[in-house]
Amino acid sequence: MKKLTTKEEELMGFFWEKGPLFVKELLDYYEEPKPHFNTLSTIVRGLEEKGFLSHRSFGNTYQYFALVNEEMYRTNTLKGVISKYFNNSYLGVVSSLIKEDKISVEDLRQLIDEVEQADKRKK
């Protein structure tokens with residue numbers, strides 16, 4: 001799965017939250033100064049080329065909809081970060097969070113409980 005720019009992620013957020021949209025509807029979700037219609041249209045077409053969106057034709061206009069859901073994108077992005085920065089080590093991620101005081105002992109206990117429960121369900 002390809003990486004998205006900040007603007008592309010922002011637009012995908014609208015599709016994930018609102019569902020199918022026309023480009024002109026996207027303008028309603030921006031505060032002033034709103035981006036230009038052509039700018040949004042270009043980004044949307046780029047998202048379609050990357051395989052994140054598709055469209056349905058309504059006369060001479062298109063309604064776009066997400067092909068990739070938010071959970072799928074989030075999971076893939078996380079895997080990419082873990083691969084790139086932690087040498088595919090999930091233990092390395094947790095260790096880093098512990099060192100930075102970003103995860104508590106209670107959080108770790110909860111995580112262990114969740115892993116044990118998932119392991120029991122597999123058996």
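Below, the figures for the structure above:
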| item | result |
| --- | --- |
| Some residue of region 2-12 being touching a residue at least 12 places away in the same chain (Cβ under 8 Å), assigned to a helix (DSSP H, G or I), over 24 Å from Lys79 (Cβ atoms) and assigned by TED's automatic domain parsing to the domain that holds Lys79 | no |
| Matching residues, region 29-53, being over 15 Å from Gln63 (Cα atoms) and touching a helix residue (DSSP H, G or I) at 6+ places or on another chain (Cβ under 6 Å) | Tyr29, Lys34 |
| Output for region 25-57, where each listed residue is more than 18 Å from Glu71 (Cα to Cα), in contact (Cβ under 8 Å) with a residue 24 or more places away in the chain and loosely packed, with under 13 Cβ neighbours inside 10 Å | Arg56 |
| Helices (runs of 4 or more DSSP H) (entirely within region 29-123) containing at least 3 residues that are assigned by TED's automatic domain parsing to the domain that holds Trp16, at pLDDT 95 or above and over 19 Å from the mean Cα position of the chain (by Cα) | 37-49 |
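The values are calculated or read from the model by the stated rules, or taken from the named source; none is laboratory data. Bear in mind that the values here come from a model prediction, so they are computed numbers and not experimental data. Every residue, glycine among them, receives a Cβ derived from its backbone with ideal geometry; neighbour counts consider all protein chains shown.
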